[in-house]
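Colleague: Dropping the structure in here first, questions after.
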Amino acid sequence: MAKRLRKRVLTEHEEFRIMSMVLDKFLWIGTAFMGWGLYVSITDSFKASVPYLVAGAITLALFSWIVIKEFEHLR
């Protein structure tokens with residue numbers, strides 16, 4: 001007969017650590033957008049870089065808010 005698989009229950013701290021590692025990748029994506037926007041503004045024009053800067057700022061703000069909200073939820 002097949003063995004039953006047991007689900008491992010994570011503590012709140014472990015869940016937060018995993019979530020923060022995943023969201024950290026999205027924060028790096030936001031930083032990359034802003035870095036590319038800075039590069040475009042230096043090499044081309046500021047007008048061409050605005051979409052990248054705005055996308056990076058929105059990404060950083062959104063995922064920073066999620067991390068802070070989850071951290072406060074665990075308290």
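Colleague: Identify all residues within region 55-70 that are within 14 Å of ALA32 (Cβ to Cβ) and open to solvent by 70 Å² or more (accessible area, probe 1.4 Å); write none if there are none.
Modeller: Step one: filter region 55-70 for residues within 14 Å of ALA32 (Cβ to Cβ), giving 55-60, 63.
Passing the criteria: only ILE58.
Colleague: Testing VAL40 on (1) within 10 Å of the chain's Cα centre (by Cα); (2) open to solvent by less than 50 Å² (accessible area, probe 1.4 Å); (3) among the aliphatic types (A, V, I, L, M), one condition comes back false. Which one is that?
Modeller: (1) is the only condition that VAL40 fails.
Colleague: Scan region 17-37 residue by residue and report those that are of a type in the set (S, T, N, Q) and either in contact with a Ser or Thr (Cβ under 8 Å, 6 or more places away or on another chain) or more than 13 Å from ILE66 (Cα to Cα) (or both).
Modeller: THR31
Colleague: To continue, here is another question. Which of the residues spanning region 1-12 are touching a helix residue (DSSP H, G or I) at 6+ places or on another chain (Cβ under 9 Å) and without any contact (Cβ under 8 Å) to a residue 60 or more places away in the chain?
Modeller: Matches in region 1-12: LEU10 only.
Colleague: Further, regarding this structure: Which of the following residues is at pLDDT 80 or above and part of a loop (DSSP other than H, G, I, E, B): VAL9, VAL54, VAL40?
Modeller: The conditions single out VAL9.
Colleague: Name the pairs whose Cβ atoms lie under 9 Å apart, with the first residue in region 26-48 and among the hydroxyl-bearing types (Ser, Thr, Tyr), the second open to solvent by 60 Å² or more (accessible area, probe 1.4 Å), and 6 or more positions between them or separate chains?
Modeller: Short answer, once both residue conditions are applied: TYR39/TYR52; SER41/LYS47; SER41/TYR52.
The values are calculated or read from the model by the stated rules, or taken from the named source; none is laboratory data. All values reported here derive from a predicted model rather than from experimental measurement. In this analysis, Cβ positions are derived from the backbone assuming ideal geometry, glycine residues included, and neighbour counts consider all displayed protein chains. What goes into the accessible areas is simple: the full protein's heavy atoms, side chains included, and nothing from ligands, DNA or RNA. Shrake-Rupley method; radii C 1.70, N 1.55, O 1.52, S 1.80 Å.
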